[in-house]
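The values are calculated or read from the model by the stated rules, or taken from the named source; none is laboratory data. Everything numeric in this text was worked out from a predicted model, so none of it was measured. Note that each Cβ is placed from the backbone with ideal geometry, even for glycine, and that neighbours are counted across all protein chains shown.
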Amino acid sequence: MVWTEKEGMDVEEDIRQLKGMVEKSHRIVFFGGAGVSTESGIPDFRSSGGLYSQKYKYPPEQVVSHTFFISHTEEFFEFYRDRMMFLDARPNAAHEKLAKWEKEGELLAVVTQNIDGLHQLAGSRHVLELHGSIHRNYCMQCGKFYDAGYIKNAGGIPHCECGGIIKPDVVLYEEQLDAQVIRESIRAIEKADMLIIGGTSLAVYPAAGFIDYFKGKYMVVINKSATVRDVHCDLCIQKPIGEVLGQL
Ligand SMILES: [Zn+2]
């Protein structure tokens, strides 16, 4: 088929261009969203498959809100364990490549909207987690730390030994992003000579507004579907991020 052949050639050309940009850049910042983790088998919790809508009474945006956490704590944890904690997930080619670039001194930071900790598992060290992490959990009463395994295996509402409820350190709807993480993310993006945006439709604000701070040379968007930013970028590849970075 002519169309498929043409598409194949376009992708090859895109990869070649991307490779050239990466080689010329030494302060890469990666800004990633849910699409980075889907290739590791972690679905976007907002996606509502058939099974999902049968099982839960409330829409995901409502469940993952501060109000819901306070008022329906047990239902929150049922959803959270089921749809947001994937402790067996492994890093994919995107995570691996970014960790490698950091080790080689070519990447400044990974700014992520994901909470799964897969970048760190792949070896990345400077990871700015805008929405927190499932791997950090704190007692709301005494502040004692608990790991993800404890939350996953505790039945119902996870409690601290002091009796307090343990809350995951993830940013729920209606909650503020961490001011320090925001500052560091903006600083990294301002310093970058290349910004790769991957696996996000850039629909989630205020995080998506951060990329306006970029003053560097190459802005690349790699996402399965078109994003609102595609018009402004130097290169835009409509493919899964792991598939693309894995080819570099
Ligand atoms: Zn406690």
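Pick out the one residue from 102, 106 that is touching a residue at least 12 places away in the same chain (Cβ under 8 Å), surrounded by fewer than 21 Cβ atoms within 10 Å (Cβ to Cβ) and among the acidic types (Asp, Glu). Step by step, each of 102, 106 is checked, and only 106 is touching a residue at least 12 places away in the same chain (Cβ under 8 Å), surrounded by fewer than 21 Cβ atoms within 10 Å (Cβ to Cβ) and among the acidic types (Asp, Glu).
One line per residue, one yes/no per condition, for (1) away from the ligand (no atom under 16 Å from the Cβ); (2) farther than 30 Å from residue 192 by Cα; (3) part of a helix (DSSP H, G or I):
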{"position": "30", "(1), (2), (3)": "yes, no, no"}
{"position": "40", "(1), (2), (3)": "yes, no, no"}
{"position": "81", "(1), (2), (3)": "yes, yes, yes"}
{"position": "87", "(1), (2), (3)": "yes, yes, no"}
{"position": "91", "(1), (2), (3)": "yes, no, no"}
{"position": "110", "(1), (2), (3)": "yes, no, no"}
{"position": "119", "(1), (2), (3)": "yes, no, yes"}
{"position": "136", "(1), (2), (3)": "no, no, no"}
{"position": "141", "(1), (2), (3)": "no, yes, no"}
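Within the option set 174, 190, 184, 161, being within 16 Å of the ligand (Cβ to nearest atom) and surrounded by fewer than 20 Cβ atoms within 10 Å (Cβ to Cβ) holds for one residue only, 161.
Just to verify a result, which residue in the stretch 62-95, among those that are of a type in the set (Gly, Ala, Ser) and in contact (Cβ under 8 Å) with a residue 40 or more places away in the chain, is farthest from residue 119 (Cα to Cα)? The selected residue is 65. Of all residues assigned to the stretch 62-79, none qualifies as being over 18 Å from residue 167 (Cβ atoms), in contact with a helix residue (DSSP H, G or I) (Cβ under 9 Å, 6 or more places away or on another chain) and assigned to a loop (DSSP other than H, G, I, E, B). A residue that is of a type outside the set (Ser, Thr, Tyr) and in contact with a Pro (Cβ under 6 Å, 6 or more places away or on another chain) occurs somewhere in the stretch 146-169. Hey, could you check the stretch 123-134 for residues that are outside any strand (DSSP E or B) and of a type outside the set (A, V, I, L, M, F, W, C) and say which is nearest to the ligand (Cβ to nearest atom)? Residue satisfying both the conditions and the ranking: 131. Scan the stretch 82-92 and give yes if some residue there is surrounded by 20 or more Cβ atoms within 10 Å (Cβ to Cβ), at pLDDT 95 or above and more than 18 Å from the chain's Cα centre (by Cα), otherwise no. There is no residue in the stretch 82-92 that is surrounded by 20 or more Cβ atoms within 10 Å (Cβ to Cβ), at pLDDT 95 or above and more than 18 Å from the chain's Cα centre (by Cα).
The set of residues in the stretch 109-118 that are free of Cβ contacts under 8 Å to residues at least 40 places away in the same chain and under 18 Å from residue 188 (Cβ atoms) is empty.
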